[in-house]
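A short write-up of the structure that comes next.
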Amino acid sequence: MAKSVSATTAAQRNLGLGFSVPIVAGVVALILGLIISDATRTMLDIWIWVLIHLILGVGVVLGTRFATASFNFGLARGSKLGAAKGARNLNLVLGIVWSSIVIITSFTKAMEAVQRSVVWPDSSVTGAVKQGHPIKPTIEPFTSVQFWQSFLPAFVLLVIACVGIFLLLSERAREPRDQE
Amino acid sequence: MNDAGGKRFGRGQVALALPLAGLLVFWVFVVLAQFSSLYVTYGANYDNYSAQQNQFHLDIYLVLAGLAALGFSAVTARKLSQGLDETRLARAVNGFALVAVFVVLIIATIYGFGTFMSNAFQTSVDSNGHSIAPNLMVRVLNVYLPILLDAALMVFVILKAFVGRATADETTEGESANG
């Protein structure tokens, strides 16, 4: 009897966490971004965006895990599953939105990084235009600084998205304990 | 969980990871294609559109290669998901592989139309404003061949993802009916 009560309590806690963890993670990520932005008084560096998306992804994956645990408990007990289904679906929708945004951001940041290789001459040279000679940009060689500051964070964003999608679907597909 | 179940669970995770690995490869190829196109647009033939049109565009083939990798991984994931037991993971993998296939087909369609629209009605002109005929071999390589390869890729993905699956299902139903 005590075991049953504690199992029910755990399932209710999981249900609550399934609803709240993604939202809490979202707020934590936004507040962190604001704090860093206010402290540095600059636009957020791409590595900060990586951190923000990582926190969001962890929140959605954990939310899915808790919601699925609550759903499986209800399924095994034959209880009503409306709220647990709702929590699972909420996390699925959030996961789809989050992963789409991260993938698009990754591709966009990579394209921006490539375009930064094109360097236009400074204004002191543009006087040549008046003499009929077009301004020619130069393509800077690929450097390790570019790699670490621009390309690696964009690639890490994509890796976070891929790992997040994998974990989301794996957690969502977790079977009830007696069927594993 | 017995060995067969453990093996199947591993296979499901491999099928889940394959399209994601394909996406990573696609990203790398797209970045390389962007770099390659920089040298066409801002290189020696900067501000000379007709010369750029008569230059071989490697970026077109790099994007196609990335798309092929993504397509291959998606159809392989779909094939792997066919042999899984009916579990939640199998349904998730099936659904995800189907989404991956659709994404490949959508991107390939956009790529094909984009290649067509960016080249079909473009003409190069010389300094006197007379139209210049493009180099035929380069035009074939930059426009016609990529469109053909793109169409071939789409047909391959569709056949592997849907037709092969339908044949396998019919065979299974036929065997069940005959006992």
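Read-outs throughout are calculated quantities, based only on the coordinates presented, and are distinct from any laboratory measurement. These figures come from a predicted structure and were not determined experimentally. Neighbour counts run over all protein chains shown; Cβ positions are idealised from the backbone, glycine included.
For the peptides A:51-58, A:4-11, residues were scored by their other Cβ atoms within 10 Å and the scores averaged per peptide; the highest-first order is A:51-58, A:4-11.
With K and R counted +1 and D and E -1, the other residues having a Cβ less than 15 Å from that of A:VAL119 yield a net charge of -1. Within segment A:14-99, which trypsin sites (Lys or Arg not before Pro) sit in a loop by DSSP and count at most 13 neighbouring Cβ atoms inside 10 Å? Hits after loop and neighbour filter: A:ARG41, A:LYS80. In terms of packing, defined here as the mean over residues of other Cβ atoms within 10 angstrom, the peptides B:14-23, B:87-96 line up highest first as B:14-23, B:87-96.
Computed from label points 7 Å out along Cα-Cβ, the spacing between A:ALA76 and A:SER4 is 1.4 nm.
Tally Lys and Arg at +1 and Asp and Glu at -1 over the other residues with C-beta under 12 Å from the C-beta of B:THR76: what net charge comes out? Write down the numbers at each step before the final one.
Values: positive: B:ARG11, B:ARG78, B:LYS79, B:LYS160; negative: none.
With Lys, Arg at +1 and Asp, Glu at -1, the neighbours total +4.
Averaged over peptide A:165-175, how many Cβ atoms belonging to another chain are found within 10 Å of each residue's Cβ?
Working: counts 6, 6, 1, 2, 10, 8, 0, 3, 10, 2, 4.
Rounded to a whole number, the mean comes out at 5.
In this structure, the amide hydrogen of B:TYR42, modeled 1.01 Å from its nitrogen in the peptide plane, lies closer than 5 angstrom to no residue at least 5 positions away or on a different chain.
As a rough footprinting exposure proxy, the listed residues A:GLU140, A:GLU171 were ranked by other beta carbons within 10 Å of their own, and the order from fewest upward is A:GLU140, A:GLU171.
Using the Karplus relation 6.51 cos²θ - 1.76 cosθ + 1.60 with θ = phi - 60°, the per-residue 3J(HN,Hα) values for segment B:56-69 come to 5, 9, 5, 4, 4, 6, 5, 4, 5, 5, x, 5, 5, 5 Hz, with x marking Gly and Pro.
For the segment B:16-25, counting C-beta atoms of other chains within 10 Å of every residue's C-beta and taking the mean gives 4. In sequence order, segment A:17-28 has phi-based couplings of 5, x, 7, 8, 4, x, 5, 4, 4, x, 5, 4 Hz under the Karplus curve 6.51 cos²θ - 1.76 cosθ + 1.60, θ = phi - 60°, and Gly or Pro positions carry x. In this structure, B:ARG91 and B:VAL25 have a Cβ-Cβ separation that, at R0 = 35 Å, corresponds to a calculated FRET efficiency of about 0.85. Averaging the sequence gap over all C-alpha pairs within less than 8 Å and six or more residues apart, then dividing by the number of residues, gives chain A a relative contact order of 27 percent. Derived scalar couplings between HN and Hα for segment A:69-76 equal 4, 5, 4, 5, 4, x, 5, 5 Hz in order, rounded to whole Hz, by the Karplus curve 6.51 cos²θ - 1.76 cosθ + 1.60 (θ = phi - 60°), x for Gly and Pro. Shape summary of segment B:48-115, radius of gyration then Dmax from alpha carbon positions: 17.2, 59 Å.
Length gained on full extension, A:VAL28 to A:PHE147: 40.0 nm, using 0.36 nm per residue less the C-alpha separation. What the Kirkwood sum gives for chain A is a hydrodynamic radius of 19.4 Å, with every pair of different alpha carbons counted.
With only the Cα atoms considered, segment A:1-79 has a convex hull volume of 77 Å³ per residue. Annotation for A:GLN12 and B:PHE162: the two label points, set 7 Å from Cα along the Cα-Cβ direction, are 5.0 nm apart.
Using a Förster distance of 41 angstrom, determine the FRET efficiency expected from the C-beta separation of B:ASN48 and B:LEU148, and round it to 0.05. About 0.90, to the nearest 0.05.
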